[in-house]
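J.: I'd like to ask you about the structure that follows.
The values are calculated or read from the model by the stated rules, or taken from the named source; none is laboratory data. Please read these numbers as outputs of a predicted model, since none were measured by experiment. FYI the Cβ positions are ideal-geometry reconstructions off the backbone, even for glycines, and counts take in every protein chain you see.
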Amino acid sequence: MSPSSPILDEGVNVDPDNLPSGEEKRHQVRSLFDTIAPRYDLVNRIMSFGLDVRWRKASMKKLAAPGGSVVIDLACGTGDFCREIEKAGMVPVGLDLSMGMLAAARTGAPLAHADILAMPLADGSVDGATCGFALRNLIELPGFFDEVARVVRPGGRIAFLDASPPENPILRFGHGIYFNRIVPVIGGLLSEGRAYKYLPKSVAYLPPWPELRAQLEAAGFVDIERKVFTGAHLFTATRGG
């Protein structure tokens, strides 16, 4: 499905027990986010106990880009990262495939309706990139990392934040119960229940960290670092020359 395709209006049709792939995944995920956009931020704050805000602030510190740097926020949603980028003295530009999310955005940053697997940007045209909790919604990751490497200039920085089960077995067990049983209930009460049954299961799309790191290296990123939170992880890297 191309970024210029009509906005889907059939509502959420993702089967949470049968994860889609390829073009079917692109189609269904965009429909899902168009549907949950109006209350997306509220549900995120409640489900994460506000920790997602802290994680984004930590991402800005690790990005460590100079003031005035142009930083693209990939799958920007309602603009949470765009606002943090601006607060840090950088220039944000947001890209997202969901028009519903862009319509609900709360940022003054320039926003574009675009597929982040094929960005409408010139080679080496930006100084950095962020991405928050969106990697599992892409139909492929190696191609995405290649595309990010294409548009970020050599020496530019990236900071990607996504879900990650705790490494401690006890915390992992508790996180699993919360994420897979309680989160869908909260999502159902405040937004769209079927969507929030799917989203916890969609973490299965994410490869383990060693594989993610290898994909980043293959795309030309260096100085790769990872910071683990409870239920999330942040990885940063520099675009090689």
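J.: Please pick out the residue among ILE186, ILE177 that is exposed (fewer than 14 other Cβ atoms within 10 Å of the Cβ) and β-branched (Val, Ile, Thr). Talk me through it step by step, then tell me what you get.
T.: Details: ILE186 fails: exposed (fewer than 14 other Cβ atoms within 10 Å of the Cβ).
None of the other options fit; the residue is ILE177.
J.: Here is a further query. Can you find a residue in region 125-139 that is at pLDDT 85 or above, of a type in the set (Asp, Glu), assigned to a helix (DSSP H, G or I) and under 28 Å from MET90 (Cα atoms)? Steps first, answer last, please.
T.: Quick first cut of region 125-139, residues at pLDDT 85 or above only: 125-139.
This time we only want the ones that are of a type in the set (Asp, Glu), so: 127.
Add one more test, that the residue is assigned to a helix (DSSP H, G or I), and what stays is none.
There is no residue in region 125-139 that is at pLDDT 85 or above, of a type in the set (Asp, Glu), assigned to a helix (DSSP H, G or I) and under 28 Å from MET90 (Cα atoms).
J.: Residues being among the polar types (S, T, N, Q) and in contact with a Phe, Trp or Tyr (Cβ under 9 Å, 6 or more places away or on another chain): count how many of those fall in region 168-199.
T.: Residues in region 168-199 being among the polar types (S, T, N, Q) and in contact with a Phe, Trp or Tyr (Cβ under 9 Å, 6 or more places away or on another chain): 1 in total.
J.: Determine, yes or no, whether ASP127 is crowded, with 20+ Cβ neighbours inside 10 Å, of a type in the set (D, E, K, R) and more than 22 Å from PHE33 (Cβ to Cβ).
T.: On the way: crowded, with 20+ Cβ neighbours inside 10 Å: yes; of a type in the set (D, E, K, R): yes; more than 22 Å from PHE33 (Cβ to Cβ): yes.
Spelling it out, ASP127 is indeed crowded, with 20+ Cβ neighbours inside 10 Å, of a type in the set (D, E, K, R) and more than 22 Å from PHE33 (Cβ to Cβ).
J.: Would a scan of region 150-162 turn up a residue that is assigned to a helix (DSSP H, G or I) and touching a residue at least 24 places away in the same chain (Cβ under 8 Å)?
T.: Initial filter on region 150-162 (assigned to a helix (DSSP H, G or I)): 150-151.
Right, trim to touching a residue at least 24 places away in the same chain (Cβ under 8 Å) and you get 150-151.
Yes, that holds for at least one residue.
J.: Confirm whether ARG213 is more than 19 Å from ARG136 (Cα to Cα), charged (D, E, K, R), outside any strand (DSSP E or B) and free of Cβ contacts under 8 Å to residues at least 24 places away in the same chain.
T.: Values: more than 19 Å from ARG136 (Cα to Cα): no; charged (D, E, K, R): yes; outside any strand (DSSP E or B): yes; free of Cβ contacts under 8 Å to residues at least 24 places away in the same chain: yes.
The answer is no for ARG213.
J.: Restricting the first residue to region 43-64 and requiring it to be within 17 Å of PHE160 (Cβ to Cβ), which pairs with a second residue that is among the polar types (S, T, N, Q) and modelled with pLDDT under 85 meet a Cβ separation below 6 Å and a spacing of at least six or different chains?
T.: Qualifying pairs under 6 Å: ASP52/ASN44.
J.: Go through GLY155, GLY108 for me and flag whichever is in contact with an Asp or Glu (Cβ under 9 Å, 6 or more places away or on another chain), surrounded by fewer than 19 Cβ atoms within 10 Å (Cβ to Cβ), on the phi > 0 side of the Ramachandran plot and of a type in the set (Gly, Ala, Ser). Quick ask: steps written out before the conclusion?
T.: Details: GLY108 fails: on the phi > 0 side of the Ramachandran plot.
Checking each option against the conditions leaves just GLY155.
J.: Which condition does PHE179 not pass, out of (1) touching a Pro at 6+ places or on another chain (Cβ under 7 Å); (2) within 30 Å of ALA65 (Cα to Cα); (3) free of Cβ contacts under 8 Å to residues at least 60 places away in the same chain, if it passes all the others?
T.: With (1) touching a Pro at 6+ places or on another chain (Cβ under 7 Å); (2) within 30 Å of ALA65 (Cα to Cα); (3) free of Cβ contacts under 8 Å to residues at least 60 places away in the same chain applied to PHE179, the lone miss is (2).
J.: Suppose the filter is acidic (Asp, Glu), at pLDDT 95 or above, within 19 Å of PHE145 (Cα to Cα) and loosely packed, with under 14 Cβ neighbours inside 10 Å; does GLU217 pass it?
T.: Values: acidic (Asp, Glu): yes; at pLDDT 95 or above: yes; within 19 Å of PHE145 (Cα to Cα): yes; loosely packed, with under 14 Cβ neighbours inside 10 Å: no.
It is false that GLU217 is acidic (Asp, Glu), at pLDDT 95 or above, within 19 Å of PHE145 (Cα to Cα) and loosely packed, with under 14 Cβ neighbours inside 10 Å.
J.: Just name the residue that is nearest to LYS227 (Cα to Cα) out of those in region 61-92 that are among the hydrophobic types (A, V, I, L, M, F, W, C) and surrounded by fewer than 20 Cβ atoms within 10 Å (Cβ to Cβ). Please lay out each step first, then the result.
T.: Keep residues of region 61-92 that are among the hydrophobic types (A, V, I, L, M, F, W, C), which gives 63-65, 70-72, 74-76, 81-82, 85, 88, 90-91.
Imposing the further condition that a residue be surrounded by fewer than 20 Cβ atoms within 10 Å (Cβ to Cβ) reduces the set to 64, 70, 88, 91.
Numbers: ALA64: 14, VAL70: 24, ALA88: 20, VAL91: 24 Å.
The residue in question is ALA64.
J.: Is it true that TYR198 is buried (at least 18 other Cβ atoms within 10 Å of the Cβ), at pLDDT below 95 and either among the hydroxyl-bearing types (Ser, Thr, Tyr) or in a helix (DSSP H, G or I) (or both)?
T.: On the way: buried (at least 18 other Cβ atoms within 10 Å of the Cβ): yes; at pLDDT below 95: yes; either among the hydroxyl-bearing types (Ser, Thr, Tyr) or in a helix (DSSP H, G or I) (or both): yes.
So TYR198 passes the test.
J.: Filter region 221-241 down to the residues that are among the β-branched types (Val, Ile, Thr) and in a strand (DSSP E or B), then identify the one that is surrounded by the most Cβ atoms within 10 Å (Cβ to Cβ).
T.: Quick first cut of region 221-241, residues among the β-branched types (Val, Ile, Thr) only: 222, 224, 228, 230, 236, 238.
Restricting the remaining residues to those that are in a strand (DSSP E or B) gives 222, 224, 228, 236, 238.
Numbers: VAL222: 12, ILE224: 15, VAL228: 13, THR236: 22, THR238: 19.
Among them, the one singled out is THR236.
J.: I need a count of the residues in region 44-90 that are under 21 Å from ARG136 (Cα atoms), of a type in the set (A, V, I, L, M) and part of a loop (DSSP other than H, G, I, E, B).
T.: 1
J.: Just to be sure, is GLY94 part of a strand (DSSP E or B) and of a type in the set (Gly, Ala, Ser)?
T.: On the way: part of a strand (DSSP E or B): yes; of a type in the set (Gly, Ala, Ser): yes.
It is true that GLY94 is part of a strand (DSSP E or B) and of a type in the set (Gly, Ala, Ser).
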